[in-house]
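The values are calculated or read from the model by the stated rules, or taken from the named source; none is laboratory data. Here the structure is a predicted model, which means the values were calculated and not measured. Glycine gets a Cβ as well: all are built from the backbone with ideal geometry, and neighbour counts include every protein chain shown. Calculation scope for accessible area: heavy atoms of the full protein, side chains included, ligands and nucleic acids excluded. Shrake-Rupley method; radii C 1.70, N 1.55, O 1.52, S 1.80 Å.
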Amino acid sequence: MDKFLIKGGKRLEGKVTISGAKNAALPAMAAALLTREPVVLTNVPRVRDIGTMRTLLEELGVDSSLQHKDGGYRLEILARKLDHPLAPYELVKQMRASVLVLGPLLARSGNARVSLPGGCAIGARPINLHLKGLERLGAKVQIEHGYVEARTEGLKGDSFTFDIISVTGTENMMMAAALAEGETRLQNAAQEPEVEDLAQLLIAMGARIEGAGTGEIRIQGVSRLGGATHAIIPDRIEAGTFLAAAAITGGDLTVENAEPAHLGAVRAKVEEVGVRVEILSTASGKETGRALRVFAPDLLRAADLATREYPGFPTDMQAQYMAVATQAEGTSVITETIFENRFLHALELMRMGADIKLDGRRAVVRGKARLSGAKVLASDLRASASLVLAGLAADGETLIDRVYHIDRGYDRIEEKLNRVGADIRRISES
Ligand code: EPZ
């Protein structure tokens, strides 16, 4: 398993380029199952989860080809026939987003066998709302031997209200409803930019969808969908992670190929702690998004935080914010409202000298703490990012084990950080 060896104390300065959003690319890949025509996705990030989703699509009998294009992948997916609608446990346990094939398989072929994802480091993360929603559209769902068996003679549009806002739940329902007969209305739907990006792809494929990006989405089913070409939106969590990296090292970073409109709550929070953020339009005319320039002060001010569904502060940035809060003057109370166990990074930050008290879904962070490099363990994708940020600010060397977690969602983060002054060495161990 690879490790990162980080020499702390370097101020970051220069330009980083943001890759495409993993959490937009994964549902987009699943959407390709809805048609027998080719779907081409560009600006796909080179991260492990994309490879896992490709393997899953191949398992379903779907061909895909990959080309390296400036900074990302160009992915062509051809789901001519789905002769094996089974998502096996071995793949689903690696990546919960595999559940995104459930809706498309049902809609396209009328049956699906998808392993239940099982637990994960940050919480139980059930998929009961996905199943309830698909049943509302007429699917017969059974759970046995750890698998969801779903089948339908033909999905029919209906109204469905999510009693908890679910990003992939909304995405599964949107994809299933696209080929259902009649209208489907989703209420209390997730408003994340990744949901909206999926809707843009589906509309390009011929779907009739209104309201994506708001809490109420209406889908008029159509009889078939065609192919399309679609550019994946920039990754707002990667961009936010680099804003946090500038903040924690007192740096000056230009974050290119980002989409400032998706970073409202994150920008507001980093500005509250004293970081200046300017929006630039990329002189180099990058194809998607614009740039942000971040100037961090020498001293950060503490600020409380509560994670919320979009457009609130994203839970996927909570761990990164906690690392920054350890360096801010004063006490920051962080409340994680989305997942029940998303403070694993706090335990490792404490080993580096952070002063954090955990109390259920609240973490009380007292700064400014002097962090010293240590051997730490990554537990999940965003916790790993938090440990990298802490390593950048710590005195001495930090050795992070199990960085495969970070490779799931960041495209060569150590190369991007080293290009702006960090000192991170990847130690590959067979
Ligand atoms: C998506 O996960 C993201 N993953 C997560 O990013 C992100 O943390 C999460 O949304 C919240 O923003 C992808 O998009 C691939 P949810 P998802 O369904 O859809 C409960 C990362 O770092 N819930 O919005 O699985 C659930 O337990 C990952 O890239 C139910 O109770 O999250 C949680 O408490 C980590 N029943 C809350 O809703 C359900 O059927 C939000 O979960 C579904 C969800």
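Working only within the range 180-192, note down all residues that are open to solvent by 20 Å² or more (accessible area, probe 1.4 Å), closer than 18 Å to ILE164 by Cα and not in a loop (DSSP other than H, G, I, E, B).
Scanning the range 180-192 gives ARG185, GLN187.
Cβ contacts < 8 Å: first residue open to solvent by 10 Å² or more (accessible area, probe 1.4 Å) and at pLDDT 95 or above, restricted to the range 384-396; second residue in a helix (DSSP H, G or I) and of a type in the set (Gly, Ala, Ser), any location; separation 6+ or different chain. Result?
ALA393/ALA323
Which residue pairs have Cβ atoms closer than 7 Å, lie 6 or more positions apart in sequence or on different chains, and pair a first residue in the range 119-130 that is closer than 17 Å to ALA150 by Cα with a second residue that is of a type in the set (S, T, N, Q) and more than 7 Å from the ligand (Cβ to nearest atom)?
Final answer for the pair search is HIS130/ASN172.
Return the pairs, sorted by first residue and then second, in which the second residue is in a loop (DSSP other than H, G, I, E, B), the first residue lies in the range 337-363 and is among the hydroxyl-bearing types (Ser, Thr, Tyr), the beta carbons are less than 8 Å apart, and the residues are 6+ apart or on different chains.
Correct list of pairs: THR337/THR307; THR337/ARG308; THR337/ARG361.
Kindly indicate whether ILE427 is modelled with pLDDT of 95 or more, touching a Phe, Trp or Tyr at 6+ places or on another chain (Cβ under 8 Å) and not small (Gly, Ala, Ser).
Values: modelled with pLDDT of 95 or more: yes; touching a Phe, Trp or Tyr at 6+ places or on another chain (Cβ under 8 Å): yes; not small (Gly, Ala, Ser): yes.
It is true that ILE427 is modelled with pLDDT of 95 or more, touching a Phe, Trp or Tyr at 6+ places or on another chain (Cβ under 8 Å) and not small (Gly, Ala, Ser).
Residues of the range 301-351 being open to solvent by 10 Å² or more (accessible area, probe 1.4 Å), outside any helix (DSSP H, G or I) and more than 16 Å from the ligand (Cβ to nearest atom), which ones?
Within the range 301-351, ARG301, ALA302, ASP304, GLN327, GLU329, GLY330, THR331, VAL333 meet the criteria.
Across the range 152-172, which residue is most open to solvent (accessible area, probe 1.4 Å) among those that are touching a Gly at 6+ places or on another chain (Cβ under 9 Å) and more than 16 Å from the ligand (Cβ to nearest atom)?
GLU153
Residues to consider are LEU75, LEU105; find the one that is open to solvent by less than 20 Å² (accessible area, probe 1.4 Å), in a strand (DSSP E or B) and more than 16 Å from the ligand (Cβ to nearest atom). Talk me through it step by step, then tell me what you get.
On the way: LEU105 fails: in a strand (DSSP E or B).
Checking each option against the conditions leaves just LEU75.
Test ALA177 against the stated conditions and say whether it is of a type in the set (Gly, Ala, Ser) and open to solvent by less than 30 Å² (accessible area, probe 1.4 Å).
Taking the combined requirement at face value, the residue satisfies it.
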